[in-house]
1. For Val110, are the conditions met, namely being over 22 Å from Gln88 (Cβ atoms), aliphatic (A, V, I, L, M) and more than 13 Å from the chain's Cα centre (by Cα)?
2. Among the residues of segment 105-131, write down those that are within 20 Å of Ser44 (Cα to Cα) and of a type in the set (A, V, I, L, M).
3. Could you please let me know if Val169 is out of contact with any helix residue (DSSP H, G or I) (no Cβ under 8 Å at 6 or more places or on another chain) and under 22 Å from Ala43 (Cα atoms)?
4. Residue by residue through segment 154-172, note down the ones that are under 17 Å from the mean Cα position of the chain (by Cα) and in contact (Cβ under 8 Å) with a residue 40 or more places away in the chain.
5. Which condition from (1) part of a helix (DSSP H, G or I); (2) more than 14 Å from the chain's Cα centre (by Cα); (3) modelled with pLDDT of 95 or more; (4) buried (at least 16 other Cβ atoms within 10 Å of the Cβ) is the one that Ile151 breaks?
6. Which of the residues that make up segment 48-86 are in a helix (DSSP H, G or I), among the polar types (S, T, N, Q) and within 15 Å of Lys6 (Cα to Cα)?
7. Looking at segment 87-131 only, could you name the residues that are in a loop (DSSP other than H, G, I, E, B), closer than 12 Å to Asp166 by Cβ and touching a residue at least 60 places away in the same chain (Cβ under 8 Å)?
8. Hey, any hits in segment 113-124 for a residue that's under 17 Å from the mean Cα position of the chain (by Cα) and among the polar types (S, T, N, Q)?
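The values are calculated or read from the model by the stated rules, or taken from the named source; none is laboratory data. Nothing here was measured: the structure is a model prediction, and the numbers come from that model. Note that we place each Cβ from the backbone using ideal geometry, even for glycine, and neighbour counts take in every protein chain shown.
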Amino acid sequence: MNLPNKLTILRVIMIPFFVLFMLLEGGLNPLYRYIAAAIFIVASFTDWLDGNIARKYGLVTNFGKFMDPLADKLLVCSGLICFTGLGQLSAWIVILIISREFIISGFRLVASDNGVVIAASYWGKLKTVSQMIMSVLLILNIPMLSFVTVIFIWIATALTLISLVDYIVKNYKVLTEGSM
């Protein structure tokens, strides 16, 4: 169990604490929101950190290839579900974002069965960053930043769609060749 994998596991362990502080007192206590924001930011930072350490020191493992993207999806999707439950985010946006994650995961699974690795794309990375910024803005829920928050909701939604189309266009042969 190397350091990047430990950071990934730490991120997964942090998720229930993030959700707990988001939902305590109906999400109305600013102190709990700040704690949730700190947990989310630290968890997001571990995503960046574990990937950089793994690549720099040649510590890329099959466990990390599988668990790192899963941990990211769990973190972001947990936040999205909290935001919907707290009335901060429309359900259709959450459904769109989570559906995209399932579709891409399915593509990667089929590709893996065919011996093909689908790497994260530029659009996928931008999508992740925009979702994390959107999430922090929604967690903090600062009235003066509500316009910026709305802009990031739309940016994250648009990048979700763009990255989905990009993955499908670049990798559609994985599905067609896999069915032959």
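1. yes
2. Selection gives Ala119, Ala120, Leu126, Val129.
3. no
4. Of everything in segment 154-172, those that are under 17 Å from the mean Cα position of the chain (by Cα) and in contact (Cβ under 8 Å) with a residue 40 or more places away in the chain turn out to be Ala156, Thr157, Thr160, Leu161, Ser163, Leu164, Tyr167.
5. (4)
6. The answer is Asn52, Asn62.
7. Passing the criteria: none in range.
8. Checked against the condition, which is being under 17 Å from the mean Cα position of the chain (by Cα) and among the polar types (S, T, N, Q), segment 113-124 yields at least one hit.
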